């Protein structure tokens, strides 16, 4: 009777251990796969961000930002590319001004990745394309950071 009791306890403990091991095994997502998932989300949300109304665009933008892997250069480059696209393609939609500000701010947050857009930013600055003072201020900060990065090299 005691051995049956010990056997049942042993089997119960082993089932818990196996369940825990199985959970850990399935929770791990390789980095390559996570970029692919994020890239699919980028492709899915891009039309919403660029073409739908401001509210849906901001929600989609926020969803992408929240799932962005900040340590992966490929996904950061794709993210910065999207920000430039947002600034350029939503310029005529006054309701997307806040989204444009957010997009420009992302270039300020990731200047090492965004520095490839130096000429783009400089042209916007020189032509005073942004009538919104907050956007022009962000652009000034971005160009200062770009200059710092380029002078280090």
Next on the checklist: If the requirement is being crowded, with 19+ Cβ neighbours inside 10 Å and under 30 Å from residue 37 (Cβ atoms), which of these qualifies: 102, 139, 64, 68?
Outcome noted: 64
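Listed here are the residues, each with its yes/no results for (1) in contact (Cβ under 8 Å) with a residue 24 or more places away in the chain; (2) more than 17 Å from the chain's Cα centre (by Cα).
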site: 63; (1), (2): no, no
site: 71; (1), (2): no, no
site: 77; (1), (2): yes, no
site: 88; (1), (2): no, yes
site: 97; (1), (2): yes, yes
site: 111; (1), (2): yes, no
site: 117; (1), (2): yes, yes
Checklist entry - Got a number for residues in the range 117-128 being touching a helix residue (DSSP H, G or I) at 6+ places or on another chain (Cβ under 8 Å) and in a helix (DSSP H, G or I)? => result 7
Checklist entry - Looking only at the range 129-139, which residues are in contact with a helix residue (DSSP H, G or I) (Cβ under 7 Å, 6 or more places away or on another chain) and assigned to a helix (DSSP H, G or I)? => result 134, 135, 138, 139
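Read-outs throughout are calculated quantities, based only on the coordinates presented, and are distinct from any laboratory measurement. Keep in mind that what you see is a predicted model, and the values were worked out from it rather than measured. Positions of Cβ are backbone-derived with ideal geometry, glycine not excepted, and every protein chain shown enters the neighbour counts.
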